[in-house]
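Structure first, commentary second.
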Amino acid sequence: MSSAVSSMVLTGPADITRDIDPPPRGGGDAAQGAELAALQDIIRALPSAVTVQDAAGRFLLANDAAATQFGISAAQLLQLSPTDALPTEALTERRALGIALLAEGEARVCEERIVAERGVRIYSTAHRPLEIAGARLLLSSSADITAQKEVEQALFDRAYFDQLTGLPIRSVIEARANALLRNDPEARFALAFLDIDNFKHINDYYGHAIGDTLLIEVAKRLGFELRSSDTLSRISGDEFLMLLNPVQSASEVTDYIDFLQQRLRAPFYIDGSEVFASASIGISLYPEHGRSFDTLQQNADVAMYQVKNATKGGAAMFDVAMEREALARMKVEQSLRVAILDKRFCCAFQPKVDIRTREIKGIEALVRLRDDNGVIQAPGTFVDLAVELGLIDELTHLVLSEIMKSIDLINDNFGPGVSISINVAAKQAGNPTFMRAFSEALEATGCAERFMVEVTEDAFVAKSHFQSEILPMLRRLGVGISIDDFGIGYSSLSALADITADEIKIDRSFITDIHKRPRSQGILKAIESLSEALGMTVIAEGIETFEELTYLQAATRIRYAQGYYFSKPIFLEELKPAQSLTPEARTAQPARLPQQARPSTIRSRGQRR
């Protein structure tokens, strides 16, 4: 078969094969015809869309896939002259590109977006100039890569956008801020760090589905009416970061943040529930509060935590004093972590005393920290921080371990039958994983029935597993339950009636100067009567003076008390084994006069002195 192509671009474009020189006559005519037909069928059946056009823009060849790509039959496409208007924008662009590529003699691979009846399709098209029999032609081959592009887009979205809210992630807002710092160092912009207040409680109360929907709705409210130059990003579970660019002044930013907070305070209606939310917001300005993105974000974060630790639901602009406070806190955090690793904690023990016989009913283990200088630190300096940092579980296990190391001294000094109280934070009490491990540790002591677990009333009234799952676990071991600091939390008669505890400890805020406070006396008697009806032993906490003790003895049926009037917390190494605090020894000691009582001090809620 001749390889020459005669007058290919001079005749009509209906079929490119008509311009091929006819084969010589002879026995091979049938075979060559069959080969040509087979070649035409192969081109027509190729999955890739194939077209050939000349320098004038005339389409000389188009297979079935190309016809599908452009939404026009191959016959119609090949009948169009270079001057005819093409029926689709995609074809018009293909013709123009082909003419340009042939003029330049350039090959190219590009992507084409074509709007078709089945939606937008994306093709990867390779264009290659050819010269056949002196004619310059462009061979174009297209493959449908729509599915591949969808996968790529999904991977891109997953890499740079939050899957729940659709907002950019931290790396995107960081890149935009860094671009501003590089390209326009004289610009002024602000970073606002937003944290939804009490989001965990919302999740726990309403469930994670409503919690997720709340995040979506919060994102919509925050993003409403943002300028195109601003950026809102979700950087973690309930935290958002906002880039405001440009800004003219600090007052402009604070006014806008106040407006946002008002918008967030309106209730969210989600699945039939009316959900209220607020956000604590910290703000930093460039260049006043930092000249890098990391510094600006860190300072906005510091300002936000200042708000969160104070009132919540407010906003604050960063200042240097906040930075100093944050550094001091970081130092304390680091010291606490090192102290736990080095096991620099010890226990002091304070007796629970029968106020009529002076017999020791039990003791409470109170954790103390020895700092780098060997100075004993009270729990007010580290317990709340340990809870916040998630270190309280390990600390509680350390306390139990210290108790068991000292069990012989405890027996020698207080008696082998006294109960031993150990404090468990409300957050721990509602955590089945921790409480199972802690129950196993109590059981492993071999004397679990001697222990009394003290929890604040929050553990009972909060929506947690304590009453239904954890309390029975402790009961099976014979462990007692004590309600600590009763009266300063979520106290209510209905809540108290539902609580199944062995002991209730009335907070010292009710006991201080009880003999001078008629209203507190009435409350005390009501708690006493109800506790007795429910079979709970009442213990008065924080007895400081002789007058307080005398009032309890004369005006109430309360039998047990605890406080500095009887004994300060005792470190066992201060005692000798023979120096037992027996009832007889305690009775022999004269009661302190009122002026000798320890000065009253304020303590944080839930912390033992």
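The values are calculated or read from the model by the stated rules, or taken from the named source; none is laboratory data. The shown structure was predicted, so the numbers you read here are calculated from the model rather than taken from an experiment. Here the Cβ positions follow ideal geometry from the backbone for every residue, glycine too, while neighbour counts run over all protein chains shown. Keep in mind that these areas ignore ligands, DNA and RNA; they rest on the heavy atoms of the full protein, side chains included. Shrake-Rupley method; radii C 1.70, N 1.55, O 1.52, S 1.80 Å.
Residues in the stretch 199-244 that are more than 19 Å from Leu285 (Cβ to Cβ) and small (Gly, Ala, Ser) were compared, and the one that is most open to solvent (accessible area, probe 1.4 Å) is Ser228.
For the stretch 140-184, filtering for residues that are touching a residue at least 60 places away in the same chain (Cβ under 8 Å) and either over 30 Å from Gly211 (Cβ atoms) or open to solvent by less than 90 Å² (accessible area, probe 1.4 Å) (or both) leaves 19. When the stretch 265-283 is examined, which residues are found to be closer than 24 Å to Ala300 by Cα and in a strand (DSSP E or B)? Passing the criteria: Ala279, Ser280, Ile281, Gly282, Ile283. All conditions but one from (1) more than 55 Å from the chain's Cα centre (by Cα); (2) surrounded by 12 or more Cβ atoms within 10 Å (Cβ to Cβ); (3) among the acidic types (Asp, Glu) apply to Asp64; the one that does not is (1).
The residues listed here are Leu575, Leu549; of these, the one that is of a type outside the set (Asp, Glu), at pLDDT below 90 and open to solvent by less than 50 Å² (accessible area, probe 1.4 Å) is Leu575.
A quick yes/no check of all residues on (1) at pLDDT 80 or above; (2) among the acidic types (Asp, Glu); (3) exposed (fewer than 14 other Cβ atoms within 10 Å of the Cβ); (4) touching a Ser or Thr at 6+ places or on another chain (Cβ under 9 Å):
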position	(1), (2), (3), (4)
Gln350	yes, no, no, yes
Leu366	yes, no, no, no
Gly374	no, no, yes, no
Pro379	no, no, no, yes
Val387	yes, no, no, no
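Of all the criteria given as (1) modelled with pLDDT under 90; (2) under 40 Å from the mean Cα position of the chain (by Cα); (3) farther than 14 Å from Glu457 by Cβ, the one not satisfied by Ala526 is (2).
Scanning the stretch 322-337 finds one or more residues that are among the hydroxyl-bearing types (Ser, Thr, Tyr), surrounded by 15 or more Cβ atoms within 10 Å (Cβ to Cβ) and not in a strand (DSSP E or B). Being open to solvent by 50 Å² or more (accessible area, probe 1.4 Å), at pLDDT below 90, of a type in the set (Lys, Arg) and not assigned by the TED database to the domain that holds Glu402 is true for just one of Arg603, Arg586, Arg609. Which residue is that? Testing whether each residue is open to solvent by 50 Å² or more (accessible area, probe 1.4 Å), at pLDDT below 90, of a type in the set (Lys, Arg) and not assigned by the TED database to the domain that holds Glu402 leaves just Arg603. Among the residues of the stretch 121-128, some residue qualifies, meaning at least one is open to solvent by 70 Å² or more (accessible area, probe 1.4 Å) and either more than 27 Å from Gln148 (Cα to Cα) or assigned to a strand (DSSP E or B) (or both).
Yes or no: Val50 open to solvent by less than 70 Å² (accessible area, probe 1.4 Å) and either out of contact with any Phe, Trp or Tyr (no Cβ under 6 Å at 6 or more places or on another chain) or small (Gly, Ala, Ser) (or both)? I'd like the intermediate steps shown before the answer.
Numbers: open to solvent by less than 70 Å² (accessible area, probe 1.4 Å): yes; either out of contact with any Phe, Trp or Tyr (no Cβ under 6 Å at 6 or more places or on another chain) or small (Gly, Ala, Ser) (or both): yes.
Taking the combined requirement at face value, the residue satisfies it.
Could you tell me whether Lys505 is in the same structural domain as Lys361 (by the TED database), in contact with a Phe, Trp or Tyr (Cβ under 7 Å, 6 or more places away or on another chain) and modelled with pLDDT under 90? When the stated conditions are applied, Lys505 does not pass them.
Among the numbered conditions (1) modelled with pLDDT of 90 or more; (2) touching a Gly at 6+ places or on another chain (Cβ under 6 Å), tell me where Pro82 comes up short. Result: Pro82 fails condition (1) only.
Filtering the stretch 248-259 down to residues that are surrounded by fewer than 18 Cβ atoms within 10 Å (Cβ to Cβ) and in contact (Cβ under 8 Å) with a residue 40 or more places away in the chain, which residue is farthest from Phe193 (Cα to Cα)? Looking at the filtered set, the residue picked out is Gln248.
Are any residues in the stretch 421-444 under 15 Å from Leu398 (Cα atoms) and crowded, with 17+ Cβ neighbours inside 10 Å, and if so, which ones? Result: Ser421, Ile422, Asn423, Val424, Ala425, Gln428, Phe434, Met435, Phe438, Ser439, Leu442. Of all residues in the stretch 392-411, those that are over 17 Å from Gln350 (Cα atoms) have Cβ atoms under 6 Å from Cβ atoms of residues that are open to solvent by less than 40 Å² (accessible area, probe 1.4 Å) and in a helix (DSSP H, G or I), 6 or more apart or on another chain, in Ile392/Ala386; Asp393/Phe434; Glu394/Ile340; Leu395/Ala386. Taken together, the residues in the stretch 439-460 that are outside any strand (DSSP E or B) and of a type in the set (Ser, Thr, Tyr) amount to 2. Here Leu86, Leu101 are screened, and the one residue that is surrounded by 15 or more Cβ atoms within 10 Å (Cβ to Cβ), of a type outside the set (Phe, Trp, Tyr) and out of contact with any Pro (no Cβ under 7 Å at 6 or more places or on another chain) is Leu86.
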